[in-house]
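Novice: Mind having a look at this structure? Questions to follow.
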Amino acid sequence: GASGALRQEFRELELLDEITRLTYEGNLHPSVTGDRRNTLIYTYRLLKGESYFPAIIHDALKWSKSDPYLGADLAPIPSRIPKRRGSESAGQNKHSKRIKPGPAFQIKPREIAQHSIPVGTQWEANSCAYDAVVTILYNVWRDDTIAWTERFNALNTELLGVLATGFANHIRGRYKL
């Protein structure tokens, strides 16, 4: 049979498929929110209950007490604002004790390249199958944009070359991943 990790991946895809279908039909409960797959699954399972699984799921993927669903740990991730030269301590300014990043908070593209944290994609309808591949390719590409753009174009200009152009446009702020 499939490894536990592969079975868990298929379980998550089944849940995301149901979330996508309900969203498309306009029937997704408003409490199901998130811009990442783990958050969406977590809020959906809060709504439906831990023992719920989609009606059309294959028997090999169903979970139970003896073969539980192993959801991601969604402990809060502390946010911090990078310290800039000559500024006060990270997360503080002259007018407030703490800056709270909200929906409008965005790291500028030139700052992204300075970080070694992998940048991923936001979940969109039916995007799950592509997210991992695009995330890996983007993070490889941003390591050396010139060399990898040349390599992508040498391999396949119609797909990888266009992808490299899209990555460059993302860095310029024209596209979201």
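Novice: Restricting attention to the stretch 1-48, report how many residues are outside any helix (DSSP H, G or I), within 20 Å of S66 (Cα to Cα) and free of Cβ contacts under 8 Å to residues at least 24 places away in the same chain.
Specialist: 1
Novice: (1) loosely packed, with under 15 Cβ neighbours inside 10 Å; (2) more than 13 Å from L16 (Cβ to Cβ); (3) modelled with pLDDT under 90: which one isn't true of L46, the others all being true?
Specialist: Unmet for L46, out of (1) loosely packed, with under 15 Cβ neighbours inside 10 Å; (2) more than 13 Å from L16 (Cβ to Cβ); (3) modelled with pLDDT under 90: (3).
Novice: I'd like the residue in the stretch 137-177 that is among the acidic types (D, E) and open to solvent by 80 Å² or more (accessible area, probe 1.4 Å) and, out of all such residues, is modelled with the highest pLDDT.
Specialist: E150
Novice: For the stretch 49-67, which positions are outside any loop (DSSP other than H, G, I, E, B) and within 25 Å of D131 (Cα to Cα)?
Specialist: Result: A60, L61.
The values are calculated or read from the model by the stated rules, or taken from the named source; none is laboratory data. Predicted, not measured: the structure shown is a model, and the values here were computed from it. Cβ sites come from the backbone with ideal geometry, for glycine too, and all protein chains shown count toward neighbours. Ligands, DNA and RNA are stripped out before the accessible areas are found, and what is left, the full protein with its side chains, is counted by its heavy atoms. Shrake-Rupley method; radii C 1.70, N 1.55, O 1.52, S 1.80 Å.
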